[in-house]
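The block underneath contains the structure these notes are about, expressed in structure tokens.
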Amino acid sequence: MRGVLKEICESYKEGMSWEKICKKYGGVNIYVPKVIPSVREQILEEYNGYNKVFLAHKYNLSVRSVEKIVREWNRNSLS
């Protein structure tokens, strides 16, 4: 369910009470991203091909998250 987090935020901004939000979205699994854009940029600047474990620890992320950030950047830069 992509966009559910955005919907919840917009509903709250429009004045929907937490009670109504809980009734409408209760039980729905949502993903709240941990990586903010500035951290993503820092990781890409510091990444050297060998330091993904170090960066994961430094930014309190999983190694897999660091790999995903680099993979997406590589994919976008090749396009």
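Please give the number of the condition LEU78 fails out of (1) of a type outside the set (Asp, Glu); (2) at pLDDT below 90; (3) within 18 Å of the chain's Cα centre (by Cα).
Here LEU78 meets the rest and fails (3).
Select from segment 46-79 the residues that are part of a helix (DSSP H, G or I) and hydroxyl-bearing (Ser, Thr, Tyr) and write down the one among them that is farthest from LYS34 (Cα to Cα).
Selected residue: SER77.
Examine segment 16-32 for a residue that is under 19 Å from the mean Cα position of the chain (by Cα), free of Cβ contacts under 8 Å to residues at least 24 places away in the same chain and not assigned by the TED database to the domain that holds GLU72, and state whether such a residue exists.
No, that holds for no residue.
Consider only pairs whose beta carbons are under 9 Å apart and that are at least six residues apart or on different chains; among these, list those whose first residue lies in segment 56-71 and is within 10 Å of ILE43 (Cα to Cα) and whose second residue is hydroxyl-bearing (Ser, Thr, Tyr).
What qualifies is ALA56/SER62; ALA56/SER65; TYR59/SER65; VAL66/TYR47; VAL66/TYR59; ILE69/TYR47; VAL70/TYR47.
Here are some residues: ARG75, ARG40. Which one is under 30 Å from GLU10 (Cβ atoms), charged (D, E, K, R) and surrounded by 14 or more Cβ atoms within 10 Å (Cβ to Cβ)?
Only one candidate passes the filter, namely ARG40.
The values are calculated or read from the model by the stated rules, or taken from the named source; none is laboratory data. Quick caveat, the model's predicted, so the values are computed rather than measured. Neighbour counts run over all protein chains shown; Cβ positions are idealised from the backbone, glycine included.
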